[in-house]
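Visitor: To start, I am sharing the structure in question, which I have written as C-alpha cells.
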Amino acid sequence: MQIFELLKLTEDTYSQGEIGIFMMDRYSIQWIEAWCLENGWTDLFMERRGNYWAFPPGGVMPEPIPMNVLRIIKEENGFTNQEMYWACAAISTTILAVIYTFWFKCPIPLVLSFAFNAVTVAQFEPEDA
C-alpha cells in the first residue's frame, strides 16, 4: 500500500514540473490546518510546494500564510514524516557505506553515500532565506 502512495505522490509532484521523489515538504498540512482552525482562517490550500494560502478571518480574498507563522509552526512540531524518512535514509546509507568500504576495500560506496547525503542535507535548507 505504501508503494502505491509513494508512486501517487511522485506522479503528482512530477506533473507539477518538480523532481518529486527528491523534494521534501518542510511543513505538514495537518499542522497548518490546526493553526488555521485556532486562528479562524478557512479554506486552506497549497498553491505550489511550500506556499500555503487561506482566507483570513472576515476576509473575502485568500492570503498566503505568513512565513513567520510557518516558522513558528515548524519550531513547535519539528521534523515532518518525510524529513524523518530522509534523515534515516541518510544515516542508514552512511552506515552501510562504511561497512561496504571496509569489506570491499574500496572507497566508492563511501563516495556514493557522501553524494546522496549532500543532496539530502541540501533538501533540509530553508527555501525562504
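The values are calculated or read from the model by the stated rules, or taken from the named source; none is laboratory data. Everything numeric here is computed off the predicted structure, so don't read it as measured data. Cβ placement follows ideal geometry from the backbone for every residue including glycine, while neighbour counts extend to all protein chains displayed.
Visitor: If you go through the stretch 73-106, how many residues are within 22 Å of Trp31 (Cα to Cα) and β-branched (Val, Ile, Thr)?
Guide: 2
Visitor: Can you name the number of the only condition in (1) farther than 24 Å from Glu125 by Cα; (2) at pLDDT 90 or above that Gly78 fails?
Guide: Every listed condition holds for Gly78 apart from (1).
Visitor: A further question follows. Quick one: which residue in Ala54, Ala87 is surrounded by 13 or more Cβ atoms within 10 Å (Cβ to Cβ), part of a helix (DSSP H, G or I) and either small (Gly, Ala, Ser) or at positive phi (or both)? Give the derivation first.
Guide: Values: Ala54 fails: part of a helix (DSSP H, G or I).
Answer to the check: Ala87.
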